[in-house]
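Working notes for the structure below.
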Amino acid sequence: MYQGRKRQQFASQLNKLANLEENIKIKFAATSDEFIEAMQLIHKVYAKKGLLASDKKQPYFSPHLVLPNNRLVIATKNDRIIGTISLIEDSPIGVPMDNVHSGETTALRQQNIKFAEVGSFAIAPEYQHHGITLLLCKALFLYICSHRNIESILIAVHPRVAEVYKDLFRFEQIGMIQEYSTFNNAKSIPLKLDTIDAITAIEKNNIFSADSNGIRVEYLLHQHDEIYHHYVENRKNDFSYLPVWQELHIKKYFYECNINIKNLPEKQRAIISWLYPTLN
């Protein structure tokens, strides 16, 4: 009883912080410079937490985020990126959770459930505990519910924060605790949220009411994604539409990350090479 009340108080505090934070803008990473700066923040935060062995100043590499149907959302203050979150839809190369919770993701595919994974959580150290993570989640859930044909949202989180997501957004645990070998054996719990429940949680928590941050988030998510909206009307659930990123942007990203496409797993290499032929 005490722990449940404590978690509810924590969730309420996060809501207040997110609404009170000033001069925060939430938008999609719309340029290659924004994308690389965001990935540098992810690498820096992950390294500081001990999830990555390297503390080199380089971008975090995600093969999933170079696919055109996946989105990177950023929080900025005074034109500096202070937070990130990503939406990675299931695709021929899967989702990051496949590396650890493959049983759970395979079960969803067998049920023909359309799902996406939310990840790439990173907040600049000086903005920890300012409610930025919640604000990013609000924005991403609004986008999912309004614009994407997704039935279930997945996240993999550390056990110590799992209860917050369960209480605040009604996520449910769908598997056992596992260890992420690529993140220094950090513990991970797989959680799932049905999109219809996300809508209910948004309404229950009054997430997008008349508060200034809510209005600004909704406006910016529509305003800063012109390339995406140019193609979205004819978008199919495959790779038949034009990529959002140009090949020169992807080349720059691979170069900054010191990644050779030939060293990627076969399926990742095949899909990314098909999208961006000059990477070979």
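Below is a table of values for the structure above.
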| item | result |
| --- | --- |
| Unsatisfied cross-links (Cα-Cα over 19 Å) in the set K166/K187; K138/K192; K49/K187; K56/K252; K27/K49 | K27/K49 |
| Hz values of 3J(HN,Hα) by residue in region 71-85 - Karplus curve (6.51, -1.76, 1.60), Gly and Pro given as x | 10, 10, 9, 10, 10, 10, 9, 6, 6, 10, 7, 10, x, 9, 7 |
| Gyration tensor over alpha-carbon atoms, region 117-175, equivalent ellipsoid semi-axes in Å | 20, 16, 10 |
| Order of W245, W274 under a 10 Å beta carbon neighbour criterion, fewest first | W274, W245 |
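Values quoted throughout were computed directly from the atomic coordinates according to the rules given, and no laboratory measurement underlies them. No experiment lies behind these values; they were computed from the predicted model shown. Heads up, the Cβs are rebuilt from the backbone with ideal geometry, glycines too, and the neighbour counts pull from every protein chain shown.
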